[in-house]
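Colleague: Below you will find the structure I want to go over with you.
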Amino acid sequence: MEFQITVSNLIKKFNNKKIIDNISFFAFKGKTLGIVGPRKSGKTVLSRMLAGIENPTQGEIKFFDTTYRENRIEINRRMGFVPQGDCFYPNWTVGENMEFFGSLYGVDIKKIMEGEPSLVDTLELGERLNDNAGILSPGMKKRLSMMLSLMHEPWVLILDDPLQGLDGSSKRFIIDFLKKLNKEKKTSIIYIGGFHEELEDFLDQVMIINHGKMHGLDTVAKLVEEVQGGIIRLVMGGSSPQLVDRMREIPGVVGITFQRESMIIKSQDPSNTLSILYANLNALKVEIEELKVYKPSFHTAYLNTIEDLSERM
């Protein structure tokens with residue numbers, strides 16, 4: 001299988017602090033790759049380096065056997081980038097944005113409007129051509145950003161957190177569109193962003209990033225296979241150091257971490273751990289705001305890997 005992107009020993013430092021810490025991976029031609037992680041994990045910095053906006057402190061990124069230093073124009077011709085924020089002029093109409101960005105790529109706007117269905121129709125923007133881009137809903141703004149990044153028919157599309165802040169139907173629309181793009185146009189897609197359940201049946205390969213470090217490069221199924229037992233997520237009405245100490249002593253509990261207001265308990269025997277947890281919560285009179293048990297799934301594999309990466313820090 002042919003590699004389209006190869007990243008080798010990538011490091012990015014700001015003020016002598018490593019934001020990206022010795023990352024290496026490759027992306028196959030015509031496949032979908034997800035690089036998934038929590039907030040402030042280095043995702044946006046990585047996406048900006050892949051797009052050629054940021055230069056790495058160390059390491060190399062190769063597209064189609066060349067680098068930005070050797071042939072930036074050729075890479076830009078074959079690559080599309082959808083940033084996290086809007087990449088259009090909000091005071092211009094949708095049509096005006098299309099004409100301007102099309103001219104940058106030397107693309108005739110009529111070409112974008114043609115076809116059955118056209119790119120404009122597929123993204124359901126045909127009836128919004130005369131609307132100011134700034135008044136569009138978040139989901140429609142993201143569709144416009146994607147369309148502008150696809151006007152020159154790139155071989156590779158890189159997206160920085162494209163599902164962030166969108167409702168369920170908008171997320172599903174974008175994932176379905178990307179699936180169609182990958183299947184029909186054979187466009188290689190690199191999704192860089194947060195965890196969303198909609199990604200599970202979309203990604204051919206997935207990697208997890210946290211604190212600038214990465215884990216694995218495998219299918220979602222293989223990532224899930226690595227998980228044994230399950231994960232318990234507890235949100236309490238207040239802090240309870242005594243409960244945490246007790247839970248660490250339970251046989252089968254192999255890790256406890258905290259994510260925002262949640263306590264994440266990784267257990268090899270979730271049923272037994274849950275029974276003991278309930279007993280301790282009652283004994284310590286700790287209020288439960290939310291309690292969920294996750295069996296092995298893409299979500300638990302993600303949480304499990306984030307925990308492991310955090311423990312290496």
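Colleague: Quick check on this structure: which one of GLU60, GLU74, GLU54 is under 20 Å from HIS152 (Cβ atoms) and among the acidic types (Asp, Glu)?
Modeller: Values: GLU60 fails: under 20 Å from HIS152 (Cβ atoms); GLU54 fails: under 20 Å from HIS152 (Cβ atoms).
The conditions single out GLU74.
Colleague: Moving to a separate point now. Do we find that LEU157 is among the hydrophobic types (A, V, I, L, M, F, W, C), in contact with a strand residue (DSSP E or B) (Cβ under 9 Å, 6 or more places away or on another chain) and assigned to a helix (DSSP H, G or I) in this structure?
Modeller: The answer is no for LEU157.
Colleague: So, of the residues in segment 32-65 that are basic (Lys, Arg) and touching a residue at least 40 places away in the same chain (Cβ under 8 Å), which turns out to be surrounded by the most Cβ atoms within 10 Å (Cβ to Cβ)?
Modeller: LYS43
Colleague: Name, by its number, the condition in (1) part of a loop (DSSP other than H, G, I, E, B); (2) out of contact with any Asp or Glu (no Cβ under 9 Å at 6 or more places or on another chain) that does not hold for ILE232.
Modeller: The single condition ILE232 does not satisfy is (1).
Colleague: Then there is this: Considering only segment 37-67, state which residues are within 15 Å of the chain's Cα centre (by Cα), among the basic types (Lys, Arg) and either on the phi > 0 side of the Ramachandran plot or part of a strand (DSSP E or B) (or both).
Modeller: Listed by number, the list holds a single entry, LYS40.
Colleague: Report the residue count in segment 235-290 for those that are touching a residue at least 12 places away in the same chain (Cβ under 8 Å), closer than 24 Å to PRO38 by Cα and among the basic types (Lys, Arg).
Modeller: Matching residues across segment 235-290 total 1.
Colleague: Identify the residue in segment 1-36 that is outside any strand (DSSP E or B) and in contact with a Phe, Trp or Tyr (Cβ under 8 Å, 6 or more places away or on another chain) and, among all such residues, is farthest from PRO83 (Cα to Cα).
Modeller: MET1
Colleague: Report, by residue number, each residue of segment 48-63 that is closer than 14 Å to PHE26 by Cα and touching a Leu at 6+ places or on another chain (Cβ under 8 Å).
Modeller: GLY59, GLU60, ILE61
Colleague: Sort out which residues of segment 68-91 are surrounded by 14 or more Cβ atoms within 10 Å (Cβ to Cβ) and assigned to a loop (DSSP other than H, G, I, E, B), and write them in order of number.
Modeller: Within segment 68-91, PRO83, GLN84, ASP86, CYS87, PHE88, TYR89 qualify.
Colleague: Might you check whether a residue that is modelled with pLDDT of 80 or more, polar (S, T, N, Q) and over 16 Å from ILE231 (Cβ atoms) occurs anywhere in segment 267-274? Steps first, answer last, please.
Modeller: As a first pass, look at segment 267-274 and keep what is modelled with pLDDT of 80 or more: 267-274.
From the residues that got through so far, the ones that are polar (S, T, N, Q) too are 267-268, 271-273.
Next, only the ones that are over 16 Å from ILE231 (Cβ atoms) stay: none.
No, because not a single residue in segment 267-274 is modelled with pLDDT of 80 or more, polar (S, T, N, Q) and over 16 Å from ILE231 (Cβ atoms).
Colleague: Counting just the residues of segment 258-311 that are among the aromatic types (Phe, Trp, Tyr) and in a helix (DSSP H, G or I), which one comes out surrounded by the most Cβ atoms within 10 Å (Cβ to Cβ)?
Modeller: Our first condition is that a residue be among the aromatic types (Phe, Trp, Tyr); within segment 258-311, this holds for 258, 278, 294, 298, 302.
From what is left, the residues that are in a helix (DSSP H, G or I) are 278, 298, 302.
Working: TYR278: 12, PHE298: 22, TYR302: 26.
The residue in question is TYR302.
The values are calculated or read from the model by the stated rules, or taken from the named source; none is laboratory data. Bear in mind the structure is a predicted one, so any value in this text is a computation, not a measurement. Neighbour counts are summed over all protein chains in view; Cβ atoms, including those assigned to glycine, are modelled from backbone coordinates with ideal geometry.
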